[in-house]
Amino acid sequence: MKKRYQRGIRVALVLAGVGIAVALLLRAFDENILYFYTPVQVVAGEAPDGRRFRLGGLVTLGSIEREPGSLKVSFLVTDNQETLPVEYEGVLPDLFRDGQGVIAHGTMNDNGIFVADEVLAKHDEDYMPPEVAEALEKAHGDEES
Amino acid sequence: MWKLFHQFGSPPHFYRLAGYLIPWFGAAALILILVATYGGLVLAPADYQQGDGFRIIYVHVPSASMSLFAYTLMATAAGIGLIWRIKLAHAVAAAAAPIGASFTFLALATGSIWGKPMWGTWWAWDARLTSELILLFLFLGYMSLRAANDDTGKADRASGLLAVVGVVNVPIIHYSVEWWNSLHQGATIMKLGKPAITGDMLWPLLMMIAGFGCYFATVLMIRTRSQVLQRERNTHWLKEL
């Protein structure tokens, strides 16, 4: 019975030690685990200077401009406080549209434009049929007006 | 109470009980998965954003939740085996590892297939994706550590400790989408309030998770029985069988 108790304590101690070590490690690497920077963080100069980083935010409504005859597209990314212009050339994900959350990977150029070579779309955890989404939007609009 | 504990830990008793339960769990898994497949692919409406593409959720979420469940069960069994020196518990842990690894692989693969059209990428070094990949390596590490040791008792103890230590990854996977900015969206089923998912989309998903759970239980019992046969090959009760 005593041996069993000792073994239990030993296993618990090892587990606690590893748990604390991992928690400290994750705290130390907190910034590297952050997947993207928001426009506010970029404007505040928190994003790495002259290096590639990811910019995340919402596509400003009506800001998408496509250049006819090419894959070039430009749009604005906002977090409802700061807004940054983004340029990209390539295929966009299906979910890319006005108001959608996007994550662009690239660099800031000298003109203050974020030149992306990869654009990913982020979606939320809500799933519903289109009719429900419409009804919700309507209810939300009524509430505001 | 202790008597029950010891009786459950006795291999002949488990062998008989599992033999009786396997067909029931197998049948339940089959029925649940078939009904949930019909519910998910035919009855559930298309999503307002992702259209019919969201239906891969009915494979992705059950495999991902089973991968976490399988790991927690394996670590618990290994812990019981280490502390109480119950061989049957180590047999359960050893039997669970390959099934858990398969669920993890399935979750990563379906996530990748889902990510390409919706997010625009097969893979991203995002907190959720990376921690789930580490889970796969933990399963594989546990299995290779077992395979590297010919002595069953030593293999049980070494791999059991790895399984127990690796359990710290389970809460990290679950909370990764809350702790860090990530590409992966937050939890749907566990979310409180707000319409995270409508009822006609939710019930096939929950039923599919239950079906995957029954399937996991079925395969786990079959595999544990074969582990028991191998470990107890020289014992009296087996010769009588």
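The values are calculated or read from the model by the stated rules, or taken from the named source; none is laboratory data. Everything numeric here is computed off the predicted structure, so don't read it as measured data. Here the Cβ positions follow ideal geometry from the backbone for every residue, glycine too, while neighbour counts run over all protein chains shown.
Quick one: would you say B:Trp203 is closer than 29 Å to B:Ala27 by Cβ, surrounded by fewer than 19 Cβ atoms within 10 Å (Cβ to Cβ), within 14 Å of another protein chain (Cβ to nearest Cβ) and out of contact with any helix residue (DSSP H, G or I) (no Cβ under 6 Å at 6 or more places or on another chain)? It is true that B:Trp203 is closer than 29 Å to B:Ala27 by Cβ, surrounded by fewer than 19 Cβ atoms within 10 Å (Cβ to Cβ), within 14 Å of another protein chain (Cβ to nearest Cβ) and out of contact with any helix residue (DSSP H, G or I) (no Cβ under 6 Å at 6 or more places or on another chain).
Of all residues in the range B:85-100, those being surrounded by fewer than 23 Cβ atoms within 10 Å (Cβ to Cβ) and free of Cβ contacts under 8 Å to residues at least 60 places away in the same chain number 1. The requirement of being without any contact (Cβ under 8 Å) to a residue 60 or more places away in the chain, away from chain A (no Cβ under 14 Å), touching a helix residue (DSSP H, G or I) at 6+ places or on another chain (Cβ under 8 Å) and surrounded by fewer than 19 Cβ atoms within 10 Å (Cβ to Cβ) is fulfilled somewhere in the range B:39-48, by at least one residue.
For beta carbons closer than 7 Å, sequence separation of 6+ or different chains, a first residue in the range A:121-145 that is within 7 Å of chain B (Cβ to nearest Cβ) and within 25 Å of B:Ser182 (Cβ to Cβ) and a second that is at pLDDT 75 or above and assigned to a helix (DSSP H, G or I), the qualifying pairs are A:Ala121/B:Met118; A:His123/B:Met118; A:Tyr127/B:Phe54; A:Tyr127/B:Met201. Taking the numbered list (1) of a type outside the set (Phe, Trp, Tyr); (2) out of contact with any Gly (no Cβ under 9 Å at 6 or more places or on another chain); (3) at pLDDT 85 or above in turn, A:Val73 passes all entries but (2). The set of residues in the range A:27-55 that are crowded, with 17+ Cβ neighbours inside 10 Å and at pLDDT 75 or above comprises A:Tyr35, A:Phe36, A:Tyr37, A:Thr38, A:Pro39, A:Gln41, A:Val42, A:Ala47, A:Phe53, A:Arg54, A:Leu55. Looking across the range A:100-117 at every residue that is surrounded by 19 or more Cβ atoms within 10 Å (Cβ to Cβ) and hydrophobic (A, V, I, L, M, F, W, C), the one that is nearest to B:Ser182 (Cα to Cα) is identified as A:Ile103. Applying the criterion of being within 14 Å of chain B (Cβ to nearest Cβ) and surrounded by 15 or more Cβ atoms within 10 Å (Cβ to Cβ) to the residues of the range A:87-99, the residue that is modelled with the lowest pLDDT is A:Asp94. A residue that is within 14 Å of chain B (Cβ to nearest Cβ) and part of a helix (DSSP H, G or I) cannot be found anywhere in the range A:107-116.
Quick grid of which residues meet (1) within 30 Å of B:Gly9 (Cβ to Cβ); (2) facing another protein chain (nearest Cβ under 8 Å); (3) within 16 Å of the chain's Cα centre (by Cα); (4) not in a helix (DSSP H, G or I):
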{"residue": "B:His60", "(1), (2), (3), (4)": "no, no, yes, no"}
{"residue": "B:Ala64", "(1), (2), (3), (4)": "no, no, yes, no"}
{"residue": "B:Ala70", "(1), (2), (3), (4)": "yes, no, yes, no"}
{"residue": "B:Met74", "(1), (2), (3), (4)": "yes, no, yes, no"}
{"residue": "B:Ala78", "(1), (2), (3), (4)": "yes, no, yes, no"}
{"residue": "B:Ala89", "(1), (2), (3), (4)": "yes, no, no, no"}
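Does the range A:88-100 contain at least one residue that is touching a Phe, Trp or Tyr at 6+ places or on another chain (Cβ under 8 Å), in a loop (DSSP other than H, G, I, E, B) and touching a residue at least 24 places away in the same chain (Cβ under 8 Å)? Within the range A:88-100 (the criterion being touching a Phe, Trp or Tyr at 6+ places or on another chain (Cβ under 8 Å), in a loop (DSSP other than H, G, I, E, B) and touching a residue at least 24 places away in the same chain (Cβ under 8 Å)), the answer is yes, since at least one residue qualifies. For the range B:172-190, a residue qualifies if it is part of a helix (DSSP H, G or I) and either modelled with pLDDT of 95 or more or more than 9 Å from chain A (Cβ to nearest Cβ) (or both), and the qualifying residues are B:Ile173, B:His174, B:Tyr175, B:Glu178.
Results for (1) facing chain A (nearest Cβ under 8 Å); (2) under 30 Å from A:Leu136 (Cα atoms); (3) modelled with pLDDT under 95; (4) not in a helix (DSSP H, G or I), shown as yes or no for each residue.
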{"site": "B:Leu106", "(1), (2), (3), (4)": "no, no, no, no"}
{"site": "B:Arg128", "(1), (2), (3), (4)": "no, yes, yes, no"}
{"site": "B:Leu161", "(1), (2), (3), (4)": "yes, no, yes, no"}
{"site": "B:Leu192", "(1), (2), (3), (4)": "no, yes, yes, yes"}
